[in-house]
1. Can you list residue pairs whose Cβ atoms sit under 6 Å apart, with the first residue in the range 73-91 being of a type outside the set (D, E, K, R) and the second being at pLDDT below 70 and open to solvent by 60 Å² or more (accessible area, probe 1.4 Å)? Count only pairs 6 or more apart in sequence or on different chains.
2. Only residues that are of a type outside the set (D, E, K, R), in a strand (DSSP E or B) and either in contact with a helix residue (DSSP H, G or I) (Cβ under 8 Å, 6 or more places away or on another chain) or surrounded by fewer than 20 Cβ atoms within 10 Å (Cβ to Cβ) (or both): list them for the range 109-123, please.
3. Do we have ARG146 as under 20 Å from VAL223 (Cα atoms) and open to solvent by 40 Å² or more (accessible area, probe 1.4 Å) here?
4. Tell me yes or no: at least one residue of the range 204-227 is assigned to a loop (DSSP other than H, G, I, E, B), open to solvent by 60 Å² or more (accessible area, probe 1.4 Å), of a type in the set (Ser, Thr, Tyr) and in contact (Cβ under 8 Å) with a residue 40 or more places away in the chain.
Amino acid sequence: MQGFFRITVVACAAIGLSACSTVRLLTFNAHEQSKPVTGSTVLVSAEWICSEKAVTEQVALATLAYNLLSSEVTGWAERKKAQFTKTYGGMVNIPPSSCAGNERLEVTIGRSVVNERQLSRLVFVAEPFNSDHSAWQLSAQSVDLRHAAALTSQKSASVDMTVTISISTVQPNDKNVPTFTKLTEQSLNLPAVALPSSGAIEHPPVSPLFPGLPADKPLNITVAVTETGTGGEDFGQLVKHVEANSDLIRGYLSEAIKD
């Protein structure tokens, strides 16, 4: 054990990592609700809500296999670093609204496992900003985060989340040919979401204004959620220094092993 720590310390010194970075690498403790969960699924739902009637109209669901997106990695440090940023998402199509005016669009992103244990649930609403409905705005409504997809430290007990929602439709162009048209794409940041967290957001982020959504047309909604945990920066520094000082490290380690 002493030999292992000696080699580790010598290697870290050789690649120029600070004492603080070295200590954090050797003592990193993952939050118990941020360890990888296999067999997860993502459920994306969208529904038109009639403001006057306060009832839900037209519900569409889409379930996709849980897809964690990360670059191809090599070596232990790179694999570890990749665990701190995870992206997942899905897509759903919904028919035109039957609210006959005064509607708003609610988008829900849920992540769960096969035994129906809920891992996370995020709710966003797109609604008119002005009385003539010419300008709309997207806002975050609630976050229920039981288990993060990204690895994060026990000390921070939180992850940063970015949610991107793209809304498109098919409508005729100037030649009356049906064309796939993107109506809006908005990204909202949710910094330092606690583990666990549940309920309404105290200061919900809102998007810039965008042109009103056509409630009389079918919509295609695509969402992507990126979670970023704390602690990955030290593993990233390790990878960077190892790549830059590989020959020097081999020399130091060779001498350390001899001793």
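The values are calculated or read from the model by the stated rules, or taken from the named source; none is laboratory data. All values derive from a computational prediction rather than experimental measurement. In this analysis, Cβ positions are derived from the backbone assuming ideal geometry, glycine residues included, and neighbour counts consider all displayed protein chains. Surface accessibility is based on the protein's heavy atoms, side chains included, excluding ligands, DNA and RNA. Shrake-Rupley method; radii C 1.70, N 1.55, O 1.52, S 1.80 Å.
1. Sorted first by the residue in the range 73-91, then by its partner, the pairs are ALA82/SER70; THR87/LEU69; TYR88/ASN67; GLY90/LEU64.
2. If we filter the range 109-123 for residues that are of a type outside the set (D, E, K, R), which is where we start, we get 109-110, 112-115, 118-120, 122-123.
Keeping just the survivors that are in a strand (DSSP E or B) gives 109-110, 112-113, 118-120, 122-123.
Answer for the range 109-123, where residues must be of a type outside the set (D, E, K, R), in a strand (DSSP E or B) and either in contact with a helix residue (DSSP H, G or I) (Cβ under 8 Å, 6 or more places away or on another chain) or surrounded by fewer than 20 Cβ atoms within 10 Å (Cβ to Cβ) (or both): GLY110, VAL113, GLN118, VAL123.
3. On the way: under 20 Å from VAL223 (Cα atoms): yes; open to solvent by 40 Å² or more (accessible area, probe 1.4 Å): yes.
For ARG146, the condition - under 20 Å from VAL223 (Cα atoms) and open to solvent by 40 Å² or more (accessible area, probe 1.4 Å) - is met.
4. There is no residue in the range 204-227 that is assigned to a loop (DSSP other than H, G, I, E, B), open to solvent by 60 Å² or more (accessible area, probe 1.4 Å), of a type in the set (Ser, Thr, Tyr) and in contact (Cβ under 8 Å) with a residue 40 or more places away in the chain.
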